[in-house]
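Novice: Take this structure, written in structure tokens, and hold onto it; I'll ask about it next.
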Amino acid sequence: MAKAEPAAPTLAVSGLQAWYGESHVLHGVDFEVRPGEVVTLLGRNGAGKTTTLKAIMGIVGKRRGSVVFAGRQTIGLTSDRIARLGMAICPEERAIFASLSVRENLLLPPRITPTGGLTLERIFALFPNLAERLASGGGKLSGGEQQMLAIARILRTGARFLMLDEPTEGLAPVIIRQIGQTIAELKREGFTILLVEQNFGFAATVSDRYYVMEHGRIELGLANADLDANAMEQLHVRLGV
Amino acid sequence: MFLGHAITAQQLFGQLLIGLINGSFYALLSLGLAVIFGMLNIVNFAHGALYMMGAFVAYFLLHEFGLNYWWALIGSPLIVGAFGALIERTLLVRLRALDPLYSLLLTFGLALMIQGLFQNYFGASGMPYAIPPQLAGAHNLGFMFLPNYRAWVIGFSALVCFATWFLIEKTRVGAYLRAATENPTMTRALGLNVPRMITLTYGFGVGLAALAGVLAAPINQVRPGMGADVIAVVFAVVVIGGMGSILGSIITGFTLGIVEGLTKVFYPEASNTVVFVIMAVVLLIKPAGLFGKVV
């Protein structure tokens with residue numbers, strides 16, 4: 001009996017370079033994310049993790065290389081086209097619109113398919129706080145509520161590949177736990193997630209694999225199975241924690 | 001303030017009416033400017049010329065196609081608005097990555113070109129446009145005669161202003177606009193076609209200017225210079241109200257029209273400059289404008 005072919009990666013990044021104006025930030029990033037995985041990009045501040053996510057989403061100034069998403073080359077596409085292919089980003093600054101109410105924020109992104117995406121019912125089950133705050137202005141939410149809204153917003157679109165940039169940054173432990181549970185739940189439902197995290201402890205609770213970035217490149221790739229004492233030592237050194 | 005001669009109630013209400021009429025145009029025009037500035041971050045210097053085009057299109061629709069005022073009320077904003085969308089799509093989009101100053105210069109150049117073209121073909125004198133028969137005549141209110149067409153202009157302008165405010169602040173489409181105004185990059189990353197929204201917004205703002213032109217046609221004559229006459233005051237209104245504020249431009253427009261009218265009654269010498277004096281004062285006290293957000 002023939003061995004089953006490994007499924008094609010959801011995201012295959014190869015030789016990705018990116019610039020902010022004159023500044024050459026990514027120097028050839030190579031990695032992949034397979035269907036249903038949670039992969040975390042680790043690295044110090046300034047390593048290029050956020051830029052990588054932005055470059056994949058097409059919201060960075062200039063980029064070159066190859067980004068194949070669900071079998072399609074997306075390096076030349078605009079960000080709205082990429083979003084409509086089923087990719088979504090939850091940026092570090094959350095980018096909740098202050099001039100919109102919570103409800104308007106939530107309902108803003110168009111659905112990729114008519115039936116895709118979580119129903120409002122399901123979203124409020126995941127994030128009960130949001131249901132109470134629907135009429136509030138987007139700018140009036142606490143950090144934790146904004147983070148939940150930012151995640152809820154992209155869950156509604158039907159995108160199955162999510163990029164979350166530091167979702168736990170600056171949040172209280174109880175909310176961090178809630179976000180961890182949400183990510184675990186999404187993983188169970190078959191979402192594919194690319195995570196950027198400084199908090200390795202949090203990442204370890206949800207991730208399948210890790211890549212360590214330094215100076216705009218991937219320097220190290222690890223799977224959960226590889227995390228022996230040696231690997232952890234290496235990580236401590238590279239991440240400076 | 002009463003400079004030696006008595007002001008009759010007739011004079012007062014007469015000027016107030018004119019003030020409200022002018023205020024209607026100020027509100028409609030500054031609303032269009034505010035919508036465009038909010039979304040595109042450019043000052044649309046072509047606004048006065050497009051207002052003038054709106055009036056001329058109404059004139060053409062009547063004299064070339066026999067389409068009356070009511071057709072013009074819909075047709076002119078659509079036609080001139082489409083022209084505006086074309087300008088955005090072909091010209092302004094190329095300047096979007098640059099300093100807003102370049103877009104400003106482009107729209108200024110466009111204003112000169114459009115006005116020059118029309119002046120070349122039609123001369124400087126105006127052409128008449130009749131008040132539609134349904135709105136002819138006047139009502140006697142006791143303290144004054146209120147011409148029906150004037151009442152229509154004020155009422156319809158207020159309605160359009162309110163409808164625009166409602167569209168932007170309370171509807172889904174308005175939410176798209178507000179989001180794209182606040183953070184176009186993120187809005188696009190959520191899957192919305194922001195460049196198309198920008199084109200449509202510019203077209204919409206231009207359409208509002210054209211609508212004002214149609215409303216103005218039976219009152220003022222249809223002249224190539226009619227835009228240039230009014231645009232300076234409209235910019236002052238926008239500065240006073242606050243550049244991106246929808247509500248600010250509406251309230252300020254109507255209010256300043258009334259203030260101008262009252263000034264004409266009590267101190268006529270200042271009536272041409274009072275708006276600019278107010279603008280100077282506002283700039284000194286609250287540069288962001290009365291309703292503007294201090295960033």
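Novice: Less than 15 Å Cβ to Cβ from residue B:22, Lys/Arg counted +1 and Asp/Glu -1: what total charge do the surrounding residues give?
Specialist: Residues near residue B:22 contribute 0 overall.
Novice: Let me ask something else. Using only atoms on other chains, find how many Cβ atoms lie within 10 Å of each Cβ of peptide B:170-179 and report the average.
Specialist: Taking the mean over all residues of the peptide, I get 4.
Novice: Compute and list, largest first, the equivalent-ellipsoid semi-axes of chain B from the alpha carbon gyration tensor, each √(5λ) rounded to a whole angstrom.
Specialist: 31, 24, 18
Novice: Relative contact order for the stretch A:11-239: what percent, with Cα pairs under 8 Å and sequence separation of 6 or more?
Specialist: The value is 29 percent.
Novice: What's the local net charge at residue A:128, with K and R +1, D and E -1, over the other residues with C-beta under 13 Å away?
Specialist: -1
Novice: Then there is this: What does DSSP give for chain A in terms of the percent of beta bridges that are antiparallel, rounded to the nearest 5?
Specialist: Taking every DSSP beta bridge within chain A, about 55 percent pair in antiparallel fashion.
Novice: Using only atoms on other chains, find how many Cβ atoms lie within 10 Å of each Cβ of peptide B:189-199 and report the average.
Specialist: Taking all residues of B:189-199 together, the mean is 6.
Novice: While we're here: Can you compute the FRET efficiency between residue A:34 and residue A:214 using 1/(1 + (r/R0)^6), with r the Cβ-Cβ distance and R0 = 22 Å? Round to the nearest 0.05.
Specialist: The calculated FRET efficiency here is 0.40.
Novice: What pairs from B:264/B:293; A:62/A:140; A:54/A:187 go past 27 Å between their alpha carbons?
Specialist: B:264/B:293; A:62/A:140
Novice: P(r) of the stretch B:182-230 in 10 Å steps, Cα pairs, percent per bin?
Specialist: P(r) over the stretch B:182-230, rounded to whole percents: 22, 33, 20, 18, 8.
Novice: Show that you can apply the helix-only estimate: for the protein assembly as shown, add -39,500 (n - 2.57) for every DSSP H stretch of four or more residues, divide by all residues, and state [θ] at 222 nm to the nearest 500.
Specialist: Taking each H run of at least 4 residues, the total per residue is -17500 deg cm²/dmol.
Novice: If you count, for every residue in A:93-99, the Cβ atoms of partner chains within 10 Å of its Cβ, what is the mean?
Specialist: 5
Novice: In the neighborhood of residue B:203, defined by Cβ-to-Cβ distances under 15 Å, what is the net charge if each Lys or Arg adds +1 and each Asp or Glu adds -1?
Specialist: In short, +1.
Novice: If you line up the long axis of helix A:173-188 against the longest principal axis of chain A, both from Cα atoms, how many degrees apart are they, to the nearest 10?
Specialist: 70
Novice: Relative to a virtual label point 7 Å from the Cα of residue A:223 in the Cα→beta-carbon direction, which members of the stretch A:176-190 show backbone nitrogen distances below 12 Å?
Specialist: Flagged as within label range: none.
Novice: A follow-up question, please. Calculate one ³J(HN,Hα) per residue across the stretch B:67-73 by plugging θ = phi - 60° into the Karplus curve 6.51 cos²θ - 1.76 cosθ + 1.60, and present them in order as whole Hz with x for glycine and proline.
Specialist: 8, 7, 3, 5, 5, 5, 4
Novice: Rounded if a/c is under 1.5, else prolate if a/b is larger than b/c, else oblate: which is the stretch A:135-184, with a ≥ b ≥ c the root eigenvalues of its Cα gyration tensor?
Specialist: Cα axes put the stretch A:135-184 in the oblate bin.
Novice: May I ask what percent, to the nearest 5, of DSSP beta bridges between residues of the protein assembly as shown are antiparallel?
Specialist: Of the beta bridges lying entirely in the protein assembly as shown, close to 60 percent run antiparallel.
Novice: Hey, another quick one. Highest first, please rank the peptides B:250-258, B:72-80, A:73-81, A:188-196 by the mean number of other Cβ atoms sitting within 10 Å of their residues.
Specialist: B:250-258, B:72-80, A:188-196, A:73-81
Novice: Further question: What distance in nm separates the two pseudo spin-label positions at residue B:90 and residue A:135, each 7 Å out from Cα along the beta-carbon direction?
Specialist: Here the modelled spin labels are 4.9 nm apart.
Novice: When a/c is below 1.5 the answer is rounded, else prolate if a/b is larger than b/c, else oblate, so apply that to chain A with a ≥ b ≥ c taken from the square roots of the Cα gyration tensor eigenvalues.
Specialist: rounded
Novice: Follow-up. Springs between alpha-carbon pairs under 10 angstrom, Gaussian network model over chain B: which of B:186, B:113, B:53 fluctuates most?
Specialist: B:186
Novice: Expressed as an acute angle from 0 to 90° and rounded to the nearest 10, what is the orientation of the C-alpha long axis of helix B:194-216 relative to the principal long axis of chain B?
Specialist: Approximately 10 degrees, to the nearest 10.
Coordinate-derived values only; no laboratory data. Owing to the predicted nature of the structure, the values given are computational and were not obtained by experimental measurement. Cβ atoms come from the backbone with ideal geometry, glycine included; neighbour counts cover every protein chain shown.
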